[in-house]
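Q: The structure that follows is given in the form of structure tokens.
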Amino acid sequence: MEITLLQIVLVFIVACIAGMESVLDEFQFHRPLIACTLIGAVLGDMKTGIIIGGTLEMIALGWMNIGAAVAPDAALASIISTVLVIAGHQSIGAGIALAIPLAAAGGADHHRAHHHRGLPARGG
């Protein structure tokens, strides 16, 4: 599947909103089911987006920030894995397998970014 310029812009907008929502926690766009469904709709394969999102949502149910512990970044994992599965013609299992280490790396990066700015892990 070839991705058009409009799809790239829309994926970028959805990714920005999901990334901000993981900090703001207002409308839950950072949740895997919502983020993957939106990316699937943008890329023209909503069914795959819903399947990946539902699977990642079940995995991410136990992820939460408690104290200074930073949860894995579900928004990052959702968006990248959905784009790679749909545009890269990968299997859904491969997307899920890729999402877990991406989420862990995103959570560690979020923690490191706050640490270097002298902020608490949750940005408070």
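The values are calculated or read from the model by the stated rules, or taken from the named source; none is laboratory data. Quantities reported herein were computed from a predicted structural model and do not represent experimental measurements. Note: ideal-geometry Cβ built from the backbone for every residue, glycine included; neighbour counts use all protein chains shown.
Q: How many residues does the stretch 54-94 contain that are β-branched (Val, Ile, Thr), without any contact (Cβ under 8 Å) to a residue 60 or more places away in the chain and closer than 14 Å to residue 36 by Cβ? Walk me through how you get there before you give the answer.
A: Here is the first cut: in the stretch 54-94, the residues β-branched (Val, Ile, Thr) are 55, 59, 66, 70, 79-80, 82-83, 85-86, 92.
Applying the additional criterion that residues be without any contact (Cβ under 8 Å) to a residue 60 or more places away in the chain yields 55, 59, 66, 70, 80, 82, 85, 92.
Right, trim to closer than 14 Å to residue 36 by Cβ and you get 55, 59, 80, 82, 85, 92.
Adding up the residues that qualify gives 6.
Q: With respect to residue 41, determine if the residue is in contact with a Gly (Cβ under 8 Å, 6 or more places away or on another chain), without any contact (Cβ under 8 Å) to a residue 40 or more places away in the chain and more than 23 Å from residue 97 (Cβ to Cβ). Show your work before the answer.
A: Details: in contact with a Gly (Cβ under 8 Å, 6 or more places away or on another chain): yes; without any contact (Cβ under 8 Å) to a residue 40 or more places away in the chain: yes; more than 23 Å from residue 97 (Cβ to Cβ): yes.
Answer is yes for this residue.
Q: Continuing with the same structure: Within the stretch 11-31, identify whether any single residue is polar (S, T, N, Q), modelled with pLDDT of 95 or more and out of contact with any strand residue (DSSP E or B) (no Cβ under 7 Å at 6 or more places or on another chain), and answer yes or no.
A: If we filter the stretch 11-31 for residues that are polar (S, T, N, Q), which is where we start, we get 22, 28.
With the extra rule that they be modelled with pLDDT of 95 or more, the set shrinks to none.
No; the residues of the stretch 11-31 include none that is polar (S, T, N, Q), modelled with pLDDT of 95 or more and out of contact with any strand residue (DSSP E or B) (no Cβ under 7 Å at 6 or more places or on another chain).
Rundown of residues vs (1) modelled with pLDDT under 80; (2) crowded, with 23+ Cβ neighbours inside 10 Å; (3) part of a helix (DSSP H, G or I), yes/no style:
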{"position": "82", "(1), (2), (3)": "no, yes, yes"}
{"position": "90", "(1), (2), (3)": "no, no, no"}
{"position": "98", "(1), (2), (3)": "no, no, yes"}
{"position": "106", "(1), (2), (3)": "yes, no, yes"}
{"position": "109", "(1), (2), (3)": "yes, no, yes"}
{"position": "112", "(1), (2), (3)": "yes, no, yes"}
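Q: Check off (1) of a type in the set (D, E, K, R); (2) more than 15 Å from the chain's Cα centre (by Cα); (3) surrounded by 15 or more Cβ atoms within 10 Å (Cβ to Cβ) for residue 21 and give me the number that stays unchecked.
A: (2)
Q: Under the condition of being assigned to a helix (DSSP H, G or I) and exposed (fewer than 15 other Cβ atoms within 10 Å of the Cβ), which residue from the stretch 41-78 is modelled with the lowest pLDDT? Let's see the steps before the verdict.
A: Within the stretch 41-78, the subset assigned to a helix (DSSP H, G or I) is 41-43, 46-60, 74-78.
From what is left, the residues that are exposed (fewer than 15 other Cβ atoms within 10 Å of the Cβ) are 41, 47, 54, 58.
Values: 41: 97, 47: 97, 54: 95, 58: 92.
Result: 58.
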